[in-house]
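All remarks here apply to the structure that follows.
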Amino acid sequence: MAEQQLGARKSAVLRALVEEFVRSGEPVGSETIAEHAGIGVSSATIRNEMAALEELGYLSHPHTSAGRIPTDLGYRHYVDALPVGGRLRDAQRRAIAAHFAEAILDLEEVLKGSVQLLSRLTQYAGLGMPPGASDEPIARLELIDMGPTVMILAVGQHGRVDKRVLDRPEGTDATRLSDAEQRMQVVRGQTYIDAQAMLLKMAAGADPAEHDIILHVADTLRAASQDPRSGHVVVGGVANLADETQAWRRETLRRLFETLEREQELVKVLQDVSSTTGDLSVTIGGEHPRTGEWEASIVASPFMAGHETVGTIGVVGPTRMDYVSAMASVRAVAKRLSELATELDE
C-alpha cells in the first residue's frame, strides 16, 4: 500500500535514499543513487523524482548540501514498506539464542538482560517495561515458620517475588499458621490488587489468632502493588546514544537524557507508543510529542503471557536508524520473552 501511494519508482528512490543516508549519515545526491541503487534510470530522472518527493514532504534539502535527507514522513513510508518479519543477521540470532538458553526463571531479571542484549545488537539504547504487580496473578502464597518470626512469601505468575519477615503474632502457633495459609490459597490466580481485597474481607471474619497474620499478608500485597518497580522502565546502553552525536544535536541528546532520568515520564512515553495489537510498533520523530522533541525513533513490542500483554521491550535511537535491524531484533527478543512469560504462566 505504501508503494501504491507514491508509485514504484518514487518508492524505490526513497528506499535507496533512506538506506544510503542511514549508512553514511550524509545528504544523498542523485548520482549516488544512480550508481549504487540499481534502479535502472538516469541520475537526471532520479533528481526529478527526488524533487517531487521533497515537494510531497518525504525529503528535505539542507541548505549547505546538494543532497537530500529523509523527513519523518519519509522514514514512515520506508518503514511501512518493509516486509513483515525482517531477517536477523546470524550473529544476532546466535546472541539471542545464547541469552535465552541461560535465562533464569525470573522474568524481570531476564528482561534486564534482554534490554542490555538489544542495546548490544542494535547499538541504540534498550528500553524495557516489566509487568506491574497490581495486574500480576499470584502463583504462590506461603507463610514460612521461622520460630520467633514468620516470612510471608508471594510469587507472581510472571516471576515476581515479594517477601516480608515479621514478628510472630501473639498466640499464633504452627497449627494456626498452617490453617491460615490453607485458607488464603483461595487468592491464587487472583491479581495482587484483587487478592488484597479478598484477604481484608477474610480477616474481618477470622478468629483473633488468624486475624493479624491475614492482615499482614494483605499489607504485603498492598505494598508490592504500590512498589515503584510496578511502574518503571529498565534502560540499558545509554552510552550508545552518545556515540550518535553526529546524528543528533547536543540539545536533543540533553533532552533525551533528562527524560531517561525521569522514570515516570518515560513510562508514559512507552505506554503511549507501545502497540496494543500484540505486535511491533515504530514511532518516528514528530509522530509523538516526546520523540519529536528528541528527533528520535522508538521501536517497541509488547511481550505476552498467552494472550495477555505483560510488558514492553524496545530501543530508542535517532530517526536515522537502521530500522531493518532494530525491528528484527526487537521482534525476535519480544517473541522469546513471550515464550518465557507463557511458560511461567503455565
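Remarks
- Residue within the stretch 270-282 that is small (Gly, Ala, Ser), assigned by TED's automatic domain parsing to the domain that holds residue 98 and modelled with pLDDT of 85 or more present: yes
- All positions within the stretch 37-93 that are exposed (fewer than 13 other Cβ atoms within 10 Å of the Cβ) and not in a loop (DSSP other than H, G, I, E, B): 44, 55, 80, 90, 91
- Total residues in the stretch 75-112, condition under 24 Å from residue 257 (Cα atoms) and at pLDDT 90 or above: 1
- Among residues of the stretch 311-335 being polar (S, T, N, Q) and more than 10 Å from the chain's Cα centre (by Cα), the one that is farthest from residue 78 (Cα to Cα) is 329.
- Within the stretch 300-323, considering residues that are hydrophobic (A, V, I, L, M, F, W, C) and under 13 Å from residue 123 (Cα atoms), the one surrounded by the most Cβ atoms within 10 Å (Cβ to Cβ): 316
- Single unsatisfied condition, residue 223 versus (1) part of a helix (DSSP H, G or I); (2) within 31 Å of the chain's Cα centre (by Cα); (3) more than 22 Å from residue 149 (Cα to Cα): (3)
- Condition check for residue 44: in contact with a Ser or Thr (Cβ under 9 Å, 6 or more places away or on another chain) and over 21 Å from residue 317 (Cα atoms): yes
- Criterion: more than 30 Å from residue 17 (Cβ to Cβ) and over 13 Å from the mean Cα position of the chain (by Cα) - qualifying residue of 308, 295: 308
- Once the stretch 94-109 is narrowed to residues that are in contact with a Gly (Cβ under 8 Å, 6 or more places away or on another chain) and of a type in the set (A, V, I, L, M, F, W, C), the residue that is surrounded by the fewest Cβ atoms within 10 Å (Cβ to Cβ) is 105.
- Comparison of 179, 212, 207 shows that the only residue that is surrounded by fewer than 13 Cβ atoms within 10 Å (Cβ to Cβ), among the charged types (D, E, K, R) and either at pLDDT below 90 or more than 30 Å from the chain's Cα centre (by Cα) (or both) is 207.
- Pairs, first assigned by TED's automatic domain parsing to the domain that holds residue 20 in the stretch 52-75, second modelled with pLDDT under 90 and not in a helix (DSSP H, G or I), C-beta under 6 Å, six or more apart: 54/61; 68/61
The values are calculated or read from the model by the stated rules, or taken from the named source; none is laboratory data. Remember, predicted model here, so these are calculated numbers, not experimental data. Cβ sites come from the backbone with ideal geometry, for glycine too, and all protein chains shown count toward neighbours.
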